[in-house]
Amino acid sequence: MADGGRTPWVRWAVDVVPACAFLIVLLSTHDFRLATWWLVGAAVLALAVGLAVERRLAPLPAVIGVTAIAFGGLSLALRRNDILQMKMTIVDATLGAILFGGLLLRKNPLKLVLGAALHLSDRAWTVLAIRYGLFWWLCAAANEFVRRTQTTQTWAIFRVAAIAAAIVFAIAQVPFLMRQGALSEKPSAPDPPEPGF
């Protein structure tokens, strides 16, 4: 989801670079701890570059980067691979719960974050929040299945594939947003709902 940054590539760097670094190192060395060190280092570097370029940390990249560092650091400190593998489950399940909980309380968190960027009716905001909430919960469930049943290498490939799935999901929302008039001036997809590292 967009957070209004002037340089969207910074956000993509925070999302994609650590995940790809982890995958490349894991597939080439089969060393989960070494790959986790690369993940944490790449996340720190991506956040530092984002801060240097934009002179601020946009909310969503900050959350993504900090959680990658936190879960990766805990995984290294406690020598437990599953802590890093559970990150997507915990973060995405929480995001979905926040969206659905907000809807139950008649407060749409998605509208609070994106209301300045997209002009939608309350019904359209509700539809979009439900779609994103379900997507996040699906990502969380898929992550649990893959991490419990597959090798760490397969899980790492799945994690990068989940980022691609998020992009496809975001693009799939464009027709809906265009019908609602939200993209009449600038027809581009909303940023994906981030099931990344």
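The values are calculated or read from the model by the stated rules, or taken from the named source; none is laboratory data. Every value quoted in this text rests on a predicted model; they were computed, and no experiment measured them. Ideal geometry is used to build each Cβ from the backbone, glycine not excepted, and the neighbour counts take in all protein chains shown.
Of all residues in region 138-161 being exposed (fewer than 15 other Cβ atoms within 10 Å of the Cβ) and of a type in the set (S, T, Y), which is nearest to the chain's Cα centre (by Cα)? For region 138-161, the residue satisfying everything is T154. Among residues that are of a type in the set (D, E, K, R) and in contact (Cβ under 8 Å) with a residue 60 or more places away in the chain, D31 is not included.
With region 72-117 as the region, which helices (runs of 4 or more DSSP H) entirely inside it contain at least 1 residues that are charged (D, E, K, R) and out of contact with any helix residue (DSSP H, G or I) (no Cβ under 6 Å at 6 or more places or on another chain)? Break it down into steps so the answer makes sense when it comes.
Numbers: elements: 81-85, 87-104, 109-114.
Per the criteria, 81-85.
For (1) within 30 Å of Q180 (Cα to Cα); (2) outside the structural domain of T154 (by TED's automatic domain parsing); (3) surrounded by fewer than 16 Cβ atoms within 10 Å (Cβ to Cβ), each residue gets a yes or a no:
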| position | (1), (2), (3) |
| --- | --- |
| L39 | no, yes, no |
| L45 | no, yes, no |
| A48 | no, yes, yes |
| R55 | no, yes, yes |
| G65 | no, yes, no |
| G96 | yes, no, no |
| D122 | yes, no, yes |
